[in-house]
Amino acid sequence: MTLRLLKSFALSVDHKRVPISSSAQRLVAFLALQNMPRSRTYVAGTLWPDVTASRANANLRSSLWRATRTGHQVIDASAQELAICKHITVDIHAAATRAHRLLDMSRPCDDILTTQMREDLSADLLPEWSENEWVLVEQEQYHELRLYALEAMTERLTAAGRHGEAVAAGLAAVRAEPLRESAHRVLMNAHLAAGNRGAALRQYEQCRRVLLDELGLEPSPTLRNLVPPGGGTPEPPARRIVSRPAGDAPAQDTGTSAPAGTVPA
């Protein structure tokens, strides 16, 4: 049995989707993300924080009953604790394990530098469930992990001379977080390693435009230094310095301005 939480919720047996109610989906997803037994009180209080304890416990019992209606054992339930069944393979657990491998530069990762790995890292956790507070924390954690992993994947593929795949991984990182300079940096490096200076320059200009439009910021010096020579990209305007003759003191601000067409004494 497999449980998919990336992109959307799907419970499957032998590649056939198992129908399951929305309330049971929420319970199954929560227990899968916990990846350890949790007390019934904790589960009820987290999933239904805005109702009384008795109402939350009643909702939990209802969701457990609905989960049994799938005809498959999905939840291990005792009098005190609940857990996802161990025979269920959860996609995000495998994806997170591989992501951490990519981040460990002391370990070889040739076996996971694949299209499937890039697709797993291009998907967010239950993106349509953002109204649930407990999901938001899990979403943010995996989002950050997958961004770092996509950048590491891009760097590994670039070093291996697999430039097309490196660019694809870098583009996935930029799409996931367009304001993230480190994503643009690894993508520019992939273009440069492939000898595509024009593509690297276009990527820099895209990053610069987005940063200026959204944040009013110029790219960092680290990113500007990657621009190919002769790229023609303007540097940020330097601060103008006005020199005065020796001995002259700067004018004091009196809080008033001279009338138009006159020269202050």
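The values are calculated or read from the model by the stated rules, or taken from the named source; none is laboratory data. All values reported here derive from a predicted model rather than from experimental measurement. For neighbour counting, all protein chains shown are included, and Cβ atoms are generated from backbone atoms with ideal geometry for every residue, glycine included. Surface areas here come from the heavy atoms of the whole protein model, side chains and all, with no ligands, DNA or RNA. Shrake-Rupley method; radii C 1.70, N 1.55, O 1.52, S 1.80 Å.
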- [ ] Evaluate the stretch 205-218: report whether one residue or more is open to solvent by less than 60 Å² (accessible area, probe 1.4 Å), among the acidic types (Asp, Glu), within 13 Å of the chain's Cα centre (by Cα) and more than 30 Å from SER23 (Cα to Cα).
- [x] no
Task: Selection status of PRO127, in contact (Cβ under 8 Å) with a residue 60 or more places away in the chain and out of contact with any helix residue (DSSP H, G or I) (no Cβ under 7 Å at 6 or more places or on another chain) - done: yes
